[in-house]
Amino acid sequence: MQEVNITPVSLKCKICGGDIINDYLAGTSYCANCGNRWAVADLIPDYSKYQRIIANITKANNIIAGDFKAASANEAKLLYKTSVIECSKFNDPVSADLIKVCEEGQRQADLLAIYIKGKNYFEKKSYRSALSTLSKIKDFRDSEAIIEICKEEIEKERKKQIPWAVVFSLPLPAAMGLFFREAFGWPWAVCIILFLAGSAGLGYVLYKGGVASVIIKILSFLAAGPIIIFSVLAYAFHVPTVIAVIAAIVAPIALFIVFAVSTEQISALIKKDK
């Protein structure tokens, strides 16, 4: 945690006249010039009225330094907020310094909460979520090191998905090529070029991942069956285009309905036997 608990006040050293620096949380003061030390309570007569506030701030600091739980980060933040409210009642230089300590503490508590969330993603191997979360706090603790590990793991996962990216990149460009071939009579050479270019583009999107890749996979899965049926009917059996299109659309739907009904009937029979 950043050291903000040491703050200069308008006191002068009795020995050399240098500025006195107060470490409120440690309860000590020292001269910035000659280094002589004193107890803060000896320099500030009513220092005891801040003891409860200082105790809460110290407790919050210890929580942040020693416990990596989201609930603990929230507890620390609450302690800092409470301390700010109590300091505001005094309205003097010491309370103003302590408020600065609390404000920095709240910022650290917020950073810790984000860090804990990202670390939890990382431990669950949700590397994309961990990367997105920890990128907000790159300079906090070991976030930068974890970010690099996440990038490496994401790249490994992408490489594993290359075969599937190739498979899912084919149906939609194939459907587009067949559409232009049948609807506008485009030459096969043009349709093949269109197919290859489309497959390359979709393959790259699938490789990169994200929401767009999920949508492409769903559309490709839905398009694969009709494309195969149409191609077989139209080019292997020379069925007229309109009939082949209708069959390609109706057949998967009918198959799905039959499968759903059959599954429901089987489930009913199983329950009846029980």
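Nothing in this text is a laboratory measurement; each read-out follows from the coordinates by a stated rule. No experiment lies behind these values; they were computed from the predicted model shown. Glycine gets a Cβ as well: all are built from the backbone with ideal geometry, and neighbour counts include every protein chain shown.
For this structure, a couple of remarks:
- Plainly put, the range 192-272 has a radius of gyration that is 1.15 times its Kirkwood radius, both from alpha-carbon atoms, as the Rg/Rh ratio.
- Debye-formula intensities of the range 162-234, expressed as log10 I(q)/I(0) at q = 0.11, 0.14, 0.20, 0.27 Å⁻¹, are -0.26, -0.42, -0.81, -1.19 (one equal scatterer per alpha-carbon, no solvent).
- Under the Karplus curve 6.51 cos²θ - 1.76 cosθ + 1.60, θ = phi - 60°, whole-Hz ³J(HN,Hα) for the range 44-56, x wherever Gly or Pro sits: 10, x, 9, 4, 4, 5, 9, 4, 5, 5, 5, 5, 5
- Between VAL239 and ALA234, the built amide H atoms are under 5 Å apart, and every one of these is 5 or more places off in sequence or on another chain.
- D_trans [Stokes-Einstein, Kirkwood Rh over alpha-carbon pairs] for the chain, 20 °C, 1.002 mPa s, µm² s⁻¹: 84
- Computed packing ranks the peptides 16-28, 246-258 as 16-28, 246-258, most packed first, by mean other Cβ atoms within 10 Å.
- Estimated purely from DSSP H runs of n ≥ 4, each contributing -39500 (n - 2.57), the mean residue ellipticity at 222 nm for the chain is -23500 deg cm²/dmol once divided by its residues.
- Given their separation in residues at 0.36 nm each and the Cα-Cα distance between them, ASP23 and LYS89 gain 21.7 nm when the chain is fully extended.
- The Cα-based radius of gyration of the range 69-187, divided by its Kirkwood radius, gives an Rg/Rh of 1.39.
- Filter on LYS59/LYS89; LYS100/LYS136; LYS138/LYS217; LYS49/LYS69 - keep pairs with C-alpha separation over 26 Å: LYS138/LYS217; LYS49/LYS69
- Integer Hz, Karplus 6.51/-1.76/1.60 couplings in order for the range 107-122, x for Gly and Pro: 5, 5, 5, 5, 5, 5, 4, 5, 4, 4, 4, x, 5, 5, 4, 5
- Translational diffusion of the range 6-152 was estimated from the Stokes-Einstein equation, with Rh taken as the Kirkwood radius over Cα pairs; at 10 °C and 1.306 mPa s the coefficient is 93 µm²/s.
- The chymotrypsin sites (Phe, Trp or Tyr not before Pro) of the range 167-202 include none that DSSP puts in a loop with a beta carbon having at most 15 other beta carbons within 10 Å.
- With a Förster radius of 41 Å applied to the C-beta separation of LYS160 and LYS81, the computed FRET efficiency comes to 0.30.
- Sparse-neighbour loop sites [chymotrypsin sites (Phe, Trp or Tyr not before Pro); the range 214-243; at most 13 other C-beta within 10 Å; DSSP]: PHE237
- Residues of type aspartates and glutamates that LYS77 reaches as a straight line, Cα spacing below 14 Å, ignoring anything fewer than 8 places off in the same chain: ASP67, GLU103, GLU104, ASP110
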